[in-house]
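Right, one structure below, let's go through it.
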Amino acid sequence: MYLPGFEEFVITKFLKFEDYVHIHVELKIRPHRCPECQRWTNKVHDYRKQKIKHTKMFTRHTNIFYRKRRYKCIHSDCRKKGFPEDNTLVERYQRQSVEFKQAMGLEVVHGKNFKDVAARMGTSPTTVMRRFDDIASGMLDETKELPDTIAIDEYKGDAGGEKYQTIIADPINRRTIDILPDRKKDTLKTYLKKHGQKVNKVVMDMSQSFKAAVDQALGGPIVIADRFHFCRYIHWALERVRIKVQKEFIDYDRKKCKRMKHAFHKKPKDLTSKQRWYLDYYLNQSDYLRQAYELKEAYRHWFEEAKTMGADHLKVIKDRLYEFYNLVRRSGVEEFRKAIETLQNWQKEIMNSFAFDLNNGYIEGLNNQTKVIKRNAFGFQRFDRFRMRILLHHQYKHINTRIA
């Protein structure tokens with residue numbers, strides 16, 4: 001009987017049951033080199049039967065019963081005995097075939113979690129985790145030197161005793177570079193000093209800790225503020241005004257205004273007729289809320305024009321941003337005055353986002369995938385295993401091989 005992967009074996013018995021398959025195999029007798037004296041022998045010492053876990057056949061779990069020979073040296077000055085024959089099926093001291101371990105290595109990278117892979121492969125989660133630890137470092141392509149442009153962000157990983165971890169990515173070539181065990185300034189600074197000799201531009205959120213680490217480690221590179229993070233200060237200001245104003249409404253309008261809060265943040269052209277009616281209704285209830293909404297719209301117009309004009313019109317973008325600052329100061333809306341203070345503190349980094357047209361959108365997508373991996377696994381206690389799981393997922397996600 002011929003089966004792929006068993007070309008050198010003689011299949012003596014093939015048993016197919018409802019849920020599993022048993023294959024009995026052995027090799028032909030052939031000369032082997034004595035490990036002691038390095039001379040050839042074909043004298044059989046004894047036979048041992050070894051049960052080996054193999055990949056599925058015909059959608060059934062498969063076990064191989066290998067009748068393994070042990071040889072002995074025929075030379076009188078040596079007489080070593082009990083050394084096993086060479087084979088390509090299973091490594092020494094192992095109970096899983098070479099093919100099974102390779103399949104598990106592929107599956108553990110793409111699988112939902114270790115328990116799911118164990119169920120698919122017909123083994124235990126502990127075995128899968130041990131196999132993952134064995135192969136992970138060899139499969140991972142570690143980054144020795146960071147590229148010219150990097151993106152930095154944090155995410156809630158809850159691994160290794162730390163609540164937050166830091167992810168570093170390449171926003172140009174769209175690839176994950178590394179994950180740090182926490183979001184502390186010293187951790188990031190040490191890493192950048194070691195790997196960041198070529199880094200010239202850094203895309204990041206408006207974190208003072210990250211900015212201090214980047215400046216101290218890299219000697220003041222070009223820092224680019226992510227657009228989402230500086231735009232949200234304007235929307236937060238509008239939210240604070242809405243919450244403040246709706247407290248003066250009657251009970252029904254207060255609750256309804258809260259339910260329709262999304263209408264205050266959408267573009268006017270994207271509003272449904274119902275949303276537009278409620279928006280006009282509540283804006284007419286309060287001049288202060290209307291002022292805040294008009295400021296938000298003024299900022300939106302500036303932001304959309306800035307994206308359109310780009311790096312060729314930075315002076316015009318900056319002048320119109322100053323006009324928005326003046327508009328806020330004249331309005332007397334205190335919540336927006338506090339928001340523009342933050343924008344002024346980060347103005348250089350904000351202008352860089354239009355000069356280089358870079359943002360953290362890609363790394364935010366990586367964070368979403370990372371959180372899905374964490375939820376599917378019900379969390380990771382060990383940071384090193386979590387890091388390897390995430391990095392391998394992103395490096396090998398385009399390989400679609402799955403084991404049935």
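The values are calculated or read from the model by the stated rules, or taken from the named source; none is laboratory data. None of the values given here were measured: they were computed from a predicted structure. Because the Cβ atoms are built from the backbone with ideal geometry, glycine has one as well, and the counts that use them run over all protein chains shown.
Within the range 64-89, the set of residues being in contact with a His (Cβ under 6 Å, 6 or more places away or on another chain) and of a type in the set (Ser, Thr, Tyr) comprises 71 only. What tally of residues in the range 335-354 results from selecting those that are surrounded by 15 or more Cβ atoms within 10 Å (Cβ to Cβ) and either in contact with a helix residue (DSSP H, G or I) (Cβ under 8 Å, 6 or more places away or on another chain) or among the charged types (D, E, K, R) (or both)? The number of residues fulfilling the criteria is 13. Would you confirm, using the coordinates I've provided, whether residue 58 is touching a strand residue (DSSP E or B) at 6+ places or on another chain (Cβ under 7 Å), modelled with pLDDT under 85 and closer than 16 Å to residue 5 by Cβ? Yes. Filter the range 110-138 down to the residues that are at pLDDT 85 or above and not in a helix (DSSP H, G or I), then identify the one that is nearest to residue 373 (Cα to Cα). Checked the range 110-138; the qualifying residue nearest to residue 373 (Cα to Cα) is 113.
Pairing each residue of the range 90-109 that is outside any loop (DSSP other than H, G, I, E, B) with any residue that is of a type in the set (Asp, Glu) and surrounded by fewer than 17 Cβ atoms within 10 Å (Cβ to Cβ), provided the two are 6+ apart or on different chains, yields C-beta distances under 7 Å for 98/91.
Within the range 205-217, the residues that satisfy the criterion of being assigned to a helix (DSSP H, G or I) and closer than 19 Å to residue 353 by Cα are 208, 210, 211, 212, 214, 215. Restricting the range 294-304 to residues that are closer than 14 Å to residue 236 by Cβ and under 37 Å from the mean Cα position of the chain (by Cα) leaves a set whose member that is surrounded by the most Cβ atoms within 10 Å (Cβ to Cβ) is 299. Being modelled with pLDDT under 95 and within 20 Å of the chain's Cα centre (by Cα) is a property that does not hold for residue 219. The set of residues in the range 180-204 being more than 20 Å from residue 147 (Cβ to Cβ), touching a residue at least 24 places away in the same chain (Cβ under 8 Å) and not in a helix (DSSP H, G or I) consists of 181, 183, 184. From the list 332, 310, the one residue that fits, being at pLDDT below 95 and touching an Asp or Glu at 6+ places or on another chain (Cβ under 7 Å), is 310.
Remark: pairs (first residue in the range 71-87, over 10 Å from residue 35 (Cα atoms) and among the acidic types (Asp, Glu); second residue in a loop (DSSP other than H, G, I, E, B) and at pLDDT 90 or above; Cβ separation under 7 Å; 6+ apart in sequence or on different chains) = 85/27. Residues in the range 19-39 that are loosely packed, with under 13 Cβ neighbours inside 10 Å and free of Cβ contacts under 8 Å to residues at least 12 places away in the same chain: 31, 38.
Quick one: in the range 117-157, which of the residues that are among the small types (Gly, Ala, Ser), without any contact (Cβ under 8 Å) to a residue 24 or more places away in the chain and in contact with a helix residue (DSSP H, G or I) (Cβ under 8 Å, 6 or more places away or on another chain) is farthest from residue 55 (Cα to Cα)? Don't jump to the end; show me each part of the working.
Start the filter on the range 117-157 by keeping residues that are among the small types (Gly, Ala, Ser), which leaves 118-119, 122, 124, 136-138, 151, 157.
Remaining after also requiring without any contact (Cβ under 8 Å) to a residue 24 or more places away in the chain: 118-119, 124, 138.
Keeping just the survivors that are in contact with a helix residue (DSSP H, G or I) (Cβ under 8 Å, 6 or more places away or on another chain) gives 118, 124.
Values: 118: 12, 124: 15 Å.
Here the answer is 124.
So, in the range 241-259, of the ones that are farther than 19 Å from residue 295 by Cβ and hydrophobic (A, V, I, L, M, F, W, C), which residue ends up surrounded by the fewest Cβ atoms within 10 Å (Cβ to Cβ)? Steps first, please.
Taking the range 241-259 first, the residues farther than 19 Å from residue 295 by Cβ are 247-256, 258-259.
Filter once more, so that each one left must be hydrophobic (A, V, I, L, M, F, W, C): 249-250.
Numbers: 249: 16, 250: 8.
Only one residue tops the list, namely 250.
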